[in-house]
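*Asks:* Before I ask anything, here is the structure I am working with.
None of the figures in this text is laboratory data; all of them are computed from the coordinates on show. Owing to the predicted nature of the structure, the values given are computational and were not obtained by experimental measurement.
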């Protein structure tokens, strides 16, 4: 159980981090407005659609990429959303780094992610 205790400790440290707190604070702000929340949800869906296409070896459709670009431009005009995207990126980078540390230590065979 020691490993799980450490995992819970790590989760707590992540929740207490400045990056997470800023991300959570801004997420609360941008999702408080229903219109902005809907636009963000649409943007995230389009991102996932584009990523899914790339993961299967296909290029995302021009239509998807154009919608993603236009929606991103609209969202960037909102300073709270722009700050939220930056905070989300920093937080996701931290979580990705933690995952990489664990995967490297355990030799999970994710060498193909290095480029």
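*Asks:* For the chain, count all C-alpha to C-alpha pairs, find those more than 22 Å apart, and express that count as a whole percent of the total. Mind showing how you got there, number by number?
*Replies:* Details: 3347 of 6555 pairs.
Above the 22 Å cut-off, the chain has 51 percent of its Cα pairs.
*Asks:* Also, quick follow-up: With everything on Cα atoms, drop me the angle between helix 62-76 and the longest principal axis of the chain, reported from 0 to 90° to the nearest 10.
*Replies:* Helix 62-76 and the main axis of the chain meet at about 80 degrees.
*Asks:* What is the helix-to-structure angle for 18-32, meaning the angle in degrees between its Cα long axis and the longest Cα principal axis of the chain, kept from 0 to 90 and rounded to the nearest 10?
*Replies:* Helix 18-32 sits roughly 30 degrees off the main axis of the chain.
*Asks:* A further question follows. For the chain, modelled as a GNM with alpha-carbon contacts under 10 angstrom, which of 63, 73, 22 fluctuates the most?
*Replies:* Evaluated over the chain, the most mobile residue of the options is 63.
*Asks:* Springs between alpha-carbon atoms under 10 Å, Gaussian network over the chain: tell me which of 19, 104, 33 tops the mean-square fluctuations.
*Replies:* Its mean-square fluctuation being the largest, the pick is 104.
*Asks:* Quick one: helix 79-106 against the long Cα principal axis of the chain, what's the angle to the nearest 10°, folded into 0 to 90?
*Replies:* It works out to around 30 degrees.
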